[in-house]
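The values are calculated or read from the model by the stated rules, or taken from the named source; none is laboratory data. Note that the coordinates shown come from a computational prediction; the quantities given were computed from them, not determined experimentally. Neighbour counts run over all protein chains shown; Cβ positions are idealised from the backbone, glycine included. We work out accessible area using only protein heavy atoms, side chains counted, and drop any ligands, DNA or RNA first. Shrake-Rupley method; radii C 1.70, N 1.55, O 1.52, S 1.80 Å.
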Amino acid sequence: MWGGRYASGPAEIMEEINASIDFDKRMARQDIQGSLAHAAMLAETGILSREDVAAISGGLKTVFEEIEAGSFTFSRALEDIHMNIESRLKDLIGPVAGRLHTGRSRNDQVATDNRLWVRDTIDTLDAQIRDLQMALAEKAHGFAGAVMPGFTHLQSAQPVTFGHHLLAYVEMLGRDRGRLADARKRLNECPLGAAALAGTSFPIDREMTAKALGFDRPTANSLDSVADRDFALETLSAASICAVHLSRFSEEIVLWMTPQFAFIRLSDKFTTGSSIMPQKKNPDAAELIRGKSGRIFGALQALLVVMKGLPLTYSKDMQEDKEGMFDALQSLSLCLAAMTGMVHDMEPDTRAMKRWAGAGFSTATDLADWLVRVLDMPFRDAHHVTGRLVAMAEAQKTGLEKLSLAQMQSVEPRITDEIFKVLGVERSVKSRVSYGGTAPANVKRQARRWLTRLEKEAG
């Protein structure tokens with residue numbers, strides 16, 4: 001492929017380190033898509049004859065059909081997906097295939113393919129995240145009033161509801177979709193026509209190819225066009241944050257599945273057993289999601305390191321942009337599918353959650369709020385009084401609601417028996433009516449809002 005400059009082929013080890021076809025062949029559809037748009041533009045501008053372009057386009061479609069059918073033979077000697085397709089095109093239509101590369105380079109070709117692939121993948125991930133949001137919102141609506149403990153520092157804090165907890169992840173995933181949408185918007189400029197680095201002397205129409213490929217516009221600087229991998233970094237960054245959210249939820253699922261929590265049950269579909277302990281039911285799907293997040297983070301870090309010292313424009317180091325990115329985004333897609341399945345499969349044990357919702361004096365803040373609201377006590381004073389009552393209950397190994405009125409009045413004489421109306425966990429969650437609070441009515445309203453929005457987006 002190097003023409004007259006080289007008299008011999010590469011060393012075997014050079015071929016081994018140089019070839020990318022083993023992983024970049026997944027961009028075959030995008031490569032042919034880009035070539036068809038480029039060929040059509042070459043015909044429209046008169047750079048190539050319409051007869052030549054008709055032969056090129058027909059040949060490219062045949063190549064794609066072969067790849068789709070699995071009958072295409074990929075060659076490592078041809079390095080990458082671009083040269084594999086061009087070589088097969090030459091077999092099919094003869095020397096005219098060589099005219100396809102007029103006015104472009106592999107540098108702008110790979111940059112275009114890569115953007116097309118990332119854009120397609122973002123669209124797939126967005127749909128998957130939306131499906132997960134819908135599964136969470138549906139379950140949240142069904143369990144809007146199911147009381148469970150809320151935690152800070154993994155210590156009992158205040159009662160919340162299971163539905164409210166699930167909606168927290170719906171919000172996180174909404175931000176993930178926003179980040180991916182932002183990345184998609186910024187990457188949607190077409191590098192095709194920037195050629196190797198300086199543009200081309202042929203009278204090409206870059207607006208035409210950009211429009212044909214669904215880009216908003218052509219990239220404005222030929223150097224940046226072939227040197228830029230911000231779109232990959234930004235997408236991997238958004239993917240990494242999404243993986244953080246999935247990993248955090250996975251950790252909670254692992255905890256909730258333990259006998260010590262026993263908040264949820266997963267069926268055999270998303271658990272595994274032990275080769276030695278017959279009683280075991282392990283939440284392996286959640287654990288694997290938690291583990292795979294590291295692969296996604298690693299791909300982002302690896303590409304940052306690859307790009308940080310490269311002068312403009314293209315260097316072969318940039319071939320390392322694909323393998324990790326392909327693996328990371330495929331891993332995220334798999335994790336999203338597994339998490340969506342687990343959410344549908346998940347059965348909460350509402351009695352177990354309610355039993356522990358009041359543990360750790362979780363209604364103490366409700367007591368303090370009552371002192372402020374009813375006795376007009378400054379909150380810091382109410383906090384102090386409540387702390388003394390907690391210490392009293394703790395010394396007696398009982399809950400706040402088990403203290404007698406006389407015991408409470410020994411700390412604050414103005415307390416009345418009305419105080420007991422705020423100490424139940426159901427009363428606690430129902431009182432949290434502020435916007436975004438855990439009151440069941442709030443949760444149902446927010447879940448319905450999300451479901452309406454998500455169903456509309458899904459068409």
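In square angstrom, rounded to the nearest 10, how much accessible surface does M208 have for a 1.4 Å probe?
60 Å²
Any idea of S434's accessible area? Nearest 10 Å², probe 1.4 Å.
Approximately 80 Å² for this residue.
Once you list every other residue whose beta carbon is under 9 Å from the beta carbon of S225, what net charge do they have if Lys and Arg are +1 and Asp and Glu are -1? Walk me through the numbers on the way to the answer.
Working: positive: none; negative: D108, E189, D224, D228.
Local net charge: -4.
What's the carbon and sulfur percent of the chain's accessible surface, probe 1.4 angstrom, rounded to a whole number?
C and S atoms contribute 53 percent here.
Can you give the accessible area of I13 in Å² (nearest 10), computed on protein heavy atoms with a 1.4 Å probe?
120 Å²
Any of K354/K397; K139/K456; K269/K292; K90/K316; K139/K354 with alpha carbons more than 24 Å apart? Name them for me.
In this structure, K90/K316 exceed 24 Å between Cα atoms.
Can you list residues whose amide H is under 5 Å from R265's amide H, if they're 5+ apart or on another chain and H is modeled 1.01 Å from N?
Counting only residues 5 or more places away or on other chains, the set is E347, D349.
By accessible area of protein heavy atoms, probe 1.4 Å, what ranking do M148, M307 get, highest first?
Ranked list, largest accessible area first: M307, M148.
Once a ≥ b ≥ c are taken as the square roots of the eigenvalues of the Cα gyration tensor of region 12-102, is the result rounded (a/c under 1.5), prolate (a/b larger than b/c) or oblate (a/b not larger than b/c)? Each step should come with its number before you reach the end.
Working: a/c = 2.14, a/b = 1.79, b/c = 1.19.
Judged from the Cα gyration tensor, region 12-102 comes out prolate (a/c at least 1.5, a/b above b/c).
What aspartates and glutamates could a cross-link reach from K61, if we take a straight Cα to Cα line under 13 Å and drop same-chain neighbours fewer than 8 places away?
Straight-distance partners of K61: D31, E86.
For the chain, what is the accessible area per residue in Å² when the probe is 1.4 Å?
With all protein chains present, the chain gives 48 Å² per residue.
Hey, if we sort K211, K322, K316 by accessible area with the 1.4 Å probe, largest down, what's the order?
These residues rank, largest area first, as K211, K316, K322.
Could you work out [θ]222 nm for the chain from helices alone, using -39500 (n - 2.57) per DSSP H run of at least four and dividing by all its residues? Round to the nearest 500 deg cm²/dmol.
Taking each H run of at least 4 residues, the total per residue is -20500 deg cm²/dmol.
Just report the Cα centroid separation between region 335-371 and region 101-141, whole Å.
35 Å
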